[in-house]
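Asks: Before anything else, here's the structure in question.
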Amino acid sequence: PAAVTFGQIAKMWLESISIHLQKTTYIRRAYCINASLRTFKNRPIVKITLLDCERWATKRNKNVKARTFNCDLETMRLVFNYAISHGLVMDNPALGIRRRRLDTASVVIPSRQQFKMLIADMRLRAVNSADIVEFLAYSGCRSGEAHEVRWSDVDFASKTLRINIGDTGTKKHTRSIPLFPPLERLLRDMLARLPKPPKPNDHVLADINAGWALTTACRRLGLPPYHRHTMRHFFCSTAIEAGVNVLTVSKWAGHRDAQMICRVYGHASEGQSTAMARRMVFDAGDAMKSETAASGTTPRSDP
């Protein structure tokens with residue numbers, strides 16, 4: 001057991017959990033092991049100490065963002081936990097390394113006018129890319145989810161859209177979202193433009209990367225460099241500004257917890273804040289004035 005290396009244990013751990021992971025998660029864990037944790041690859045796992053982990057953290061911390069660092073650290077901890085469960089080591093030295101605080105940079109979201117300008121510009125030059133960007137903005141889907149949507153997932157009768165979550169070969173989950181009016185209008189327009197009726201298993205969106213067309217349109221219009229994922233933020237922000245409660249927005253967007261929505265979109269617009277303030281109508285003074293007017297008496301002051 002003393003000769004078993006960190007790399008060998010990491011490979012065994014990854015194989016043991018691969019059946020439960022989505023493809024993208026597996027790739028991310030494998031990358032952590034092969035790239036960021038290669039320092040320990042040939043080291044006997046029993047000889048890796050807290051000091052070794054601290055040296056790794058100091059070096060890694062300088063080269064990557066907080067989210068990447070935390071993913072690497074979590075992977076290291078899981079490998080050591082696997083070794084502990086098999087009696088190869090007694091403790092987990094990586095537990096002594098603190099996670100980094102995530103960056104809290106504000107999310108830049110286009111205004112509704114900017115969004116209309118973007119779509120109008122893209123429709124003149126890249127219709128399929130405009131369809132993709134509009135679909136993302138009206139559905140709140142992640143880009144990967146959107147490109148997996150097929151015409152069989154669209155139900156115009158019940159006005160719902162089924163979103164499939166998961167990769168081929170892993171356990172899939174689905175969620176349904178309403179066919180919001182702009183989303184339904186877009187899908188009907190796309191359907192009308194097809195040369196012939198699509199098969200149920202045909203993808204709704206073209207198999208292209210709309211990122212280049214979107215970036216180019218932003219540059220032409222003098223707008224910030226919005227990305228495809230920005231349209232997901234646009235959807236959530238617009239829903240919140242429309243008065244949709246956070247739990248519902250979280251469900252539509254497929255977030256695991258509503259706190260994510262609160263953290264990312266807690267910067268509600270001033271216009272929405274002012275509108276919400278007008279609803280705070282529980283002034284005891286108004287009730288006293290009404291009672292005084294009805295009785296015809298003058299309110300008394302405290303002695």
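Asks: Using label points projected 7 Å from each Cα along Cα→Cβ, tell me how many nm separate ILE208 and LYS11, to one decimal.
Replies: Label-label distance for ILE208 and LYS11, simple model: 4.4 nm.
Asks: What FRET efficiency do you get for ASN245 and GLN113 if R0 is 30 Å and r is their Cβ-Cβ distance, rounded to the nearest 0.05? Could the numbers behind the result be given before it?
Replies: Details: r = 26 Å, r/R0 = 0.86.
It comes to 0.70.
Asks: Oh, and also: Beyond a 25 Å Cα-Cα separation, which of these cross-linked pairs lie in this structure: LYS159/LYS196; LYS23/LYS251; LYS23/LYS196; LYS65/LYS251; LYS196/LYS251? Write down the numbers at each step before the final one.
Replies: Numbers: LYS159/LYS196 22 Å; LYS23/LYS251 23 Å; LYS23/LYS196 34 Å; LYS65/LYS251 28 Å; LYS196/LYS251 34 Å.
The pairs that break the limit, which is 25 Å between Cα atoms, are LYS23/LYS196; LYS65/LYS251; LYS196/LYS251.
Asks: Another question about this same structure. At a Förster distance of 45 Å, what's the computed FRET efficiency of ARG162 paired with ASN81, Cβ-Cβ distance as r, to 0.05? Before the final figure, lay out the partial values.
Replies: Numbers: r = 37 Å, r/R0 = 0.82.
With R0 = 45 Å, the Cβ-Cβ based efficiency is 0.75.
Asks: Given the C-alpha centroids of segment 191-236 and segment 7-71, what is the distance between them in whole angstrom?
Replies: Each part's Cα centre sits 35 Å from the other's.
Asks: So, with +1 on the Cβ of K and R and -1 on the Cβ of D and E, and no other charges, what is the size of the charge dipole of segment 31-154 about its Cα centre, to the nearest 20 debye?
Replies: Working: 21 positive and 12 negative charges, 131 e Å.
So the magnitude is around 620 debye.
Asks: If you don't mind, there's one more thing I want to ask. For labels at LEU191 and ARG220 in the simple 7 Å Cα→Cβ model, what's the distance in nm?
Replies: Reported label-point gap for LEU191 and ARG220 is 3.0 nm.
Asks: Separate question: May I ask you to give the percent of accessible area on segment 35-86 that is carbon plus sulfur, with a probe radius of 1.4 Å?
Replies: 49
Asks: Same structure, new question: Counting Lys +1, Arg +1, Asp -1, Glu -1, what net charge surrounds GLU145 among other residues with beta carbon under 10 Å of its beta carbon? Before the final figure, lay out the partial values.
Replies: On the way: positive: ARG142, ARG175, ARG232; negative: GLU148.
Taking every Cβ under 10 Å from that of GLU145, the sum is +2.
Asks: Please report, as a whole percent, how much of the solvent-accessible surface of segment 126-223 comes from carbon and sulfur atoms (probe radius 1.4 Å). Mind dumping the intermediate values first?
Replies: Details: 2770 of 5070 Å².
Here it works out to 55 percent.
Asks: Once you charge only the Cβ atoms, +1 for Lys and Arg and -1 for Asp and Glu, what is the size of the charge dipole of segment 70-221 about its Cα centre, to the nearest 20 debye? Walk me through the numbers before you get to the answer.
Replies: Details: 23 positive and 16 negative charges, 81 e Å.
In total the dipole reaches around 380 debye.
Asks: When the dipole is taken about the Cα centre of segment 156-241, and only Lys, Arg (+1) and Asp, Glu (-1) are charged at their Cβ, what size is it in debye, to the nearest 20?
Replies: Details: 14 positive and 6 negative charges, 24 e Å.
Around 120 debye, computed over segment 156-241.
Asks: Label-point separation (nm) for ASN201 and ARG123, each offset 7 Å from Cα along Cα-to-Cβ?
Replies: 3.4
The values are calculated or read from the model by the stated rules, or taken from the named source; none is laboratory data. Note that the structure is a prediction, hence the values are computed from the model and not measured. Reconstructed Cβ throughout: ideal geometry from the backbone, glycine too, with neighbour counts over all protein chains shown. Ligands, DNA and RNA are excluded from the accessible area calculation, which covers all protein heavy atoms including side chains. Shrake-Rupley method; radii C 1.70, N 1.55, O 1.52, S 1.80 Å.
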